[in-house]
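First comes the structure, then the notes that go with it.
The values are calculated or read from the model by the stated rules, or taken from the named source; none is laboratory data. For clarity, every value in this text was computed on a predicted model and none was experimentally measured. Neighbour counts run over all protein chains shown; Cβ positions are idealised from the backbone, glycine included.
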Amino acid sequence: MNTSGLKHWDKVVYNDYVVKQFILATLFFGAVAFLVGLLAALQLVYWPLNMELPWLTFGRIRPLHTNAAIFAFAGNAIFAGIYHSTQRLLKTRLFSDALSQIHFWGWQLIILAAAITLPLGYSQSKEYAELEWPLDIAITFIWVIFAVNFFMTLARRRERHIYVAIWFYIATIITVAVLHIINSLEYPVSFLQSYPIYAGVQDALVQWWYGHNAVAFFLTTPFLGLMYYYLPKAANRPIYSYRLSIIHFWALVFIYIWAGPHHLLYTSLPEWAQTLGVVFSLMLWAPSWGGMINGLLTLKGAWHLLRTDPIIKFLVAAVTFYGMATFEGPLLSIKAVSALGHYTDWIIGHVHSGALGWNGLLTFAMIYYAVPLLWKTKIYSVKLMDIHFWTALLGVLFYYVSLVVAGITQGLMWKSINPDGRLTYPDFIETVIRILPLYWGRALGGTLFIIGFVMMLYNIYKTIQSAPKDQPEESVQVPRINLDQETHDKGHRKLEGMVTVFSVLTLLAILVGSVIEIYPTLSIHKYLPEDTKIRTYSALEQAGRDIYVKEGCYVCHSQQIRPLASEVLRYGPPSTLEETMYDRPFQWGSKRTGPDLARVGKKYPDLWHFQHMMDPRSTSPGSIMPKYSWMASKNIDFLILRKKLSVMKNLGVPYTEDEIANADINAEKEAKKIADNLVSQGGPAGLERKEIVAVIAYLQALGQMKKKEVTK
């Protein structure tokens, strides 16, 4: 730019060092997330891969995979893209180099801590929020660092108006903060264990308000911001419609926050909350597809780029997957469809069409676009980029189609009833064995996706290797502006110059639905029958419940029987609101790789449960469940039970002072009784202090909580 003769121009040097750091972290953790995901997929078709090692069982590996994919891979990609695009859209350097480095290294340390604690079984069992309370605090701190750095950069901007990508970044930062803080309110028991302040239906609603909107505001809105920046830049064309951008943003931000309850259809959540979730989920079709159309039509008049530019191929495929996923989500929220698809692998396929197709392909496009610019060189191989695209696309399609077919097969088999009123497939294991070939299809799809990613790693490595040694930071000459100067802007254009007002309106948009949905359920007792009498878990049962959570049993088993004829025939009477009113955390589940356990208590003798945990195939031939043999050798921590019951009492569970004071003594007595039962039924001796008896106590309590008196 020739600036000779012009006054009041400043040289701005961008901080691209932190962008490079986040890009390299994205690539590293992408490899980790994808490989752990492939391991989890293979464990479901070949159970010996669990290797009878506690930290490698599917129940612990699966949350490690989801956290690595969402917060390590996608999270680092978001930060790289936001920091890269924001500086260029605002024509200013990031507010603080120090805060940028604290943000980067703080986030990597959190990921490392998650990679250690989750395999060790330290989990809250809440989808996408499994990390324990010290890490929740660390996430809050680093997110505040990120927010300060971002908003102070906004305050120093050299552009009067903020572009649409910045709108989505603002919504992401504000909403994720609200979601994380409210969902992570918990009461510590020890350094790495806590109980949520919510219980039962409250916990379920808050969790899925968080869980659904974590997908919305961590895996959707920031990536839409990246789409609005990188797609026009890669195509060298302006976004198709400014007006459609406005509608897309405000409609999406306001409507999305209401949709969480569609994850809880046919459960004991009050009907009005379920209906709200369905209605607003269906409304999401309009803004979501508006965004997709706005992205795709940006290429109007330049469709030839699809034949020649691999980056455009990645971007177009990503936006198309966004459209597919945001069509399928509302479809699955329709009650009749949910009755078929919920708890099945269809949901897993749906999630991965978004995670791999939308987030993954868009991230690859961003990296391919940004790396040559940041390292001031050319991409090593355009042909390898093209091969990566087709390999990744084929992998996503294999993955998605396999699991959708598997899920619909599961749902139809579960619901099938003979003309005589009996289940067509009464043995749950039949429905597992039938879909195992499709699980191999899923593993094949994941393998193809990883092969493509390896090509990318090689391509990026060779590109960076060829970069010049001298790497001065990019700089631009920009004019000084007075942000306080009066303008003649009107309507939304004026709002785009008022960042504080814009941010406050965004906050209000997401708070309306949040308050209306969550607040009424905080007084849950008004929904309970007057004669409700639910017993509390005994100290030993609570110990067993905590082990159940630690081992990740919740990722394969639900504890919520829906009022559907097939489920009542298979599992017993539908679950009721009061049965889980003391459950912290709730265990309603989101996937049935194994059968529902809500009424498994007293269905089998103690010895059956022992044998099932030691070798599932001894009681359920064909089972893909791992062995849990270490439960027979690891001791129960009896001493901490007083603290656990005391915390529960502080949270509102009606334990007596005597139950708390004698928690360890009562637990030891109950454990001795179960151990003696095992011996009398032909089991081994010497188990009275082992974890297996606590788990058996918990499993035998399920479905029995309405009893007024229970022999302990």
Please verify whether the range 217-228 includes one or more residues that are among the small types (Gly, Ala, Ser), in a helix (DSSP H, G or I) and surrounded by fewer than 21 Cβ atoms within 10 Å (Cβ to Cβ).
no
Can you tell me which residue is farthest from Ser558 (Cα to Cα) among those in the range 330-344 that are out of contact with any Ser or Thr (no Cβ under 7 Å at 6 or more places or on another chain) and in contact (Cβ under 8 Å) with a residue 24 or more places away in the chain?
Ile334
Condition first: over 29 Å from the mean Cα position of the chain (by Cα), assigned to a loop (DSSP other than H, G, I, E, B) and loosely packed, with under 15 Cβ neighbours inside 10 Å. Now tell me which residues in the range 520-535 satisfy that.
Leu528, Pro529, Glu530, Asp531, Thr532, Lys533
Leu373 being surrounded by fewer than 17 Cβ atoms within 10 Å (Cβ to Cβ) and more than 29 Å from Leu27 (Cβ to Cβ):
no
Being buried (at least 17 other Cβ atoms within 10 Å of the Cβ), closer than 30 Å to Leu436 by Cβ and in contact with a Ser or Thr (Cβ under 8 Å, 6 or more places away or on another chain) is the requirement here; does Ala41 meet it?
no
So, restricting to helices (runs of 4 or more DSSP H) that lie completely within the range 409-519, which ones have at least 2 residues that are closer than 30 Å to Trp9 by Cβ?
491-495, 499-518
When you check Ala661 against the structure, is it closer than 30 Å to Tyr439 by Cα, modelled with pLDDT of 95 or more, surrounded by fewer than 17 Cβ atoms within 10 Å (Cβ to Cβ) and of a type in the set (Gly, Ala, Ser), yes or no?
no
If Ser466 satisfies every condition in (1) more than 30 Å from Leu24 (Cβ to Cβ); (2) hydroxyl-bearing (Ser, Thr, Tyr); (3) at pLDDT 90 or above but one, which is the exception?
(1)
In the range 600-620, anything of a type outside the set (A, V, I, L, M) and either in contact with a helix residue (DSSP H, G or I) (Cβ under 7 Å, 6 or more places away or on another chain) or at positive phi (or both) is listed as Gly601, Lys602, Asp606, His609, Phe610, Gln611, Ser618, Thr619, Ser620
Out of (1) within 20 Å of Ala539 (Cβ to Cβ); (2) surrounded by fewer than 20 Cβ atoms within 10 Å (Cβ to Cβ), the one Thr580 does not meet is (2)
Identity of the residue in the range 662-694, in a helix (DSSP H, G or I) and of a type in the set (Gly, Ala, Ser), that ends up farthest from Lys602 (Cα to Cα):
Ala663
Considering each of Tyr399, Tyr368 in turn, give the residue that is part of a helix (DSSP H, G or I), over 30 Å from Glu127 (Cβ atoms) and in contact with a helix residue (DSSP H, G or I) (Cβ under 8 Å, 6 or more places away or on another chain).
Tyr368
From (1) under 37 Å from the mean Cα position of the chain (by Cα); (2) farther than 30 Å from Thr92 by Cβ, pick out the condition that doesn't hold for Pro419.
(1)
I need the helices (runs of 4 or more DSSP H) fully contained in the range 230-346, keeping only those with at least 2 residues that are surrounded by 18 or more Cβ atoms within 10 Å (Cβ to Cβ).
242-256, 271-283, 285-296, 310-333, 335-341
For helices (runs of 4 or more DSSP H) lying entirely in the range 57-170, having 3 or more residues that are more than 17 Å from the chain's Cα centre (by Cα) picks out 75-90, 97-117, 133-155
